[in-house]
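Engineer: Below you will find the structure I want to go over with you.
The values are calculated or read from the model by the stated rules, or taken from the named source; none is laboratory data. Note that this is a predicted model, so its numbers are computed, not measured. Here the Cβ positions follow ideal geometry from the backbone for every residue, glycine too, while neighbour counts run over all protein chains shown. All accessible areas refer to the heavy atoms of the entire protein, side chains included, with ligands and DNA or RNA removed. Shrake-Rupley method; radii C 1.70, N 1.55, O 1.52, S 1.80 Å.
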Amino acid sequence: MKRKVFCRDIETLKAEGREIMDSTIDSRFYNRVAAVNAVLSGVSPAVAAVWFGMTGRILSIWVKKADECGFESLRDKPKPGAPQKLSESQLEEVDKMIQSSPSDFGCNVWDGPTLSSVIKQKFDIDISTRQCQRLFHKLGYSKIRPQTYPSKDSEQSEARESFQKK
């Protein structure tokens with residue numbers, strides 16, 4: 001029997017397929033249901049596990065779970081994190097504050113510690129420095145710092161050398 005010759009690496013294709021099947025909660029659920037249905041149709045759990053990119057043990061657990069509790073039990077449970085400390089209106093206000101000058105709030109530059117202290121003063125809410133850094137990212141800001149030395153431009157090579165000497 002003639003074997004199909006693939007243009008791309010088979011393992012790469014399988015990995016892409018697994019990634020798509022694991023990309024959303026619904027697709028993960030459908031993947032589990034399809035694997036359980038394969039076992040219920042007579043395919044051994046070991047073979048079905050290879051087909052669906054999982055272990056035979058977890059597939060056996062899912063078959064038992066589907067048998068005892070139904071297929072809905074194979075859905076992922078919601079995994080809520082900690083509730084947000086700032087409301088949506090407060091986030092909008094923080095965004096407007098960041099867009100204004102930091103000197104309006106008695107600061108030199110907007111960074112994690114500065115934003116943390118301003119939020120503490122304005123809203124009386126404690127937010128860690130790291131969480132403020134994540135907040136910058138969430139609001140679409142990137143970390144840009146002023147350059148403290150002359151650039152590597154050939155026109156300023158003398159200034160750079162004198163800066164390094166000092």
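Engineer: Consider Arg75 against the criteria (1) touching a residue at least 40 places away in the same chain (Cβ under 8 Å); (2) open to solvent by less than 60 Å² (accessible area, probe 1.4 Å): it satisfies all of them except one. Which criterion is unmet?
Structural biologist: (2)
Engineer: I've got another one for you. Can you tell me which of Gln84, Gln133 is open to solvent by less than 100 Å² (accessible area, probe 1.4 Å) and either farther than 30 Å from Val33 by Cα or in contact with a Cys (Cβ under 7 Å, 6 or more places away or on another chain) (or both)?
Structural biologist: Gln133
Engineer: Between residues in segment 26-39 that are open to solvent by 40 Å² or more (accessible area, probe 1.4 Å) and residues that are modelled with pLDDT under 85 and charged (D, E, K, R), which pairs lie under 6 Å by C-beta distance while being six or more apart or on different chains?
Structural biologist: Pairs that qualify, where the first residue is open to solvent by 40 Å² or more (accessible area, probe 1.4 Å) and the partner is modelled with pLDDT under 85 and charged (D, E, K, R), are Arg28/Asp22.
Engineer: Tell me whether segment 55-62 contains one or more residues that are in contact (Cβ under 8 Å) with a residue 24 or more places away in the chain, surrounded by 15 or more Cβ atoms within 10 Å (Cβ to Cβ) and within 30 Å of Ser44 (Cβ to Cβ).
Structural biologist: Taking every residue of segment 55-62 in turn, at least one turns out to be in contact (Cβ under 8 Å) with a residue 24 or more places away in the chain, surrounded by 15 or more Cβ atoms within 10 Å (Cβ to Cβ) and within 30 Å of Ser44 (Cβ to Cβ).
Engineer: For residues that are out of contact with any Asp or Glu (no Cβ under 8 Å at 6 or more places or on another chain) and within 21 Å of Glu72 (Cα to Cα), tally how many sit in segment 19-52.
Structural biologist: Adding up the residues that qualify gives 22.
Engineer: Looking at (1) without any contact (Cβ under 8 Å) to a residue 12 or more places away in the chain; (2) not in a loop (DSSP other than H, G, I, E, B), can you tell me which one Leu115 breaks?
Structural biologist: Unmet condition: (1).
Engineer: Please work out which one of (1) touching a residue at least 12 places away in the same chain (Cβ under 8 Å); (2) open to solvent by 60 Å² or more (accessible area, probe 1.4 Å); (3) under 14 Å from Leu135 (Cβ atoms); (4) not in a loop (DSSP other than H, G, I, E, B) is the condition Lys120 fails and give its number.
Structural biologist: (1)
Engineer: In segment 140-150, is there at least one residue being out of contact with any Phe, Trp or Tyr (no Cβ under 9 Å at 6 or more places or on another chain), at pLDDT 90 or above, under 30 Å from Gly81 (Cα atoms) and open to solvent by less than 100 Å² (accessible area, probe 1.4 Å)?
Structural biologist: Looking for residues that are out of contact with any Phe, Trp or Tyr (no Cβ under 9 Å at 6 or more places or on another chain), at pLDDT 90 or above, under 30 Å from Gly81 (Cα atoms) and open to solvent by less than 100 Å² (accessible area, probe 1.4 Å), one finds none in segment 140-150, hence no.
Engineer: Go through segment 102-116 and give me each residue that's open to solvent by less than 50 Å² (accessible area, probe 1.4 Å) and out of contact with any helix residue (DSSP H, G or I) (no Cβ under 7 Å at 6 or more places or on another chain).
Structural biologist: Asp111, the sole residue that qualifies.
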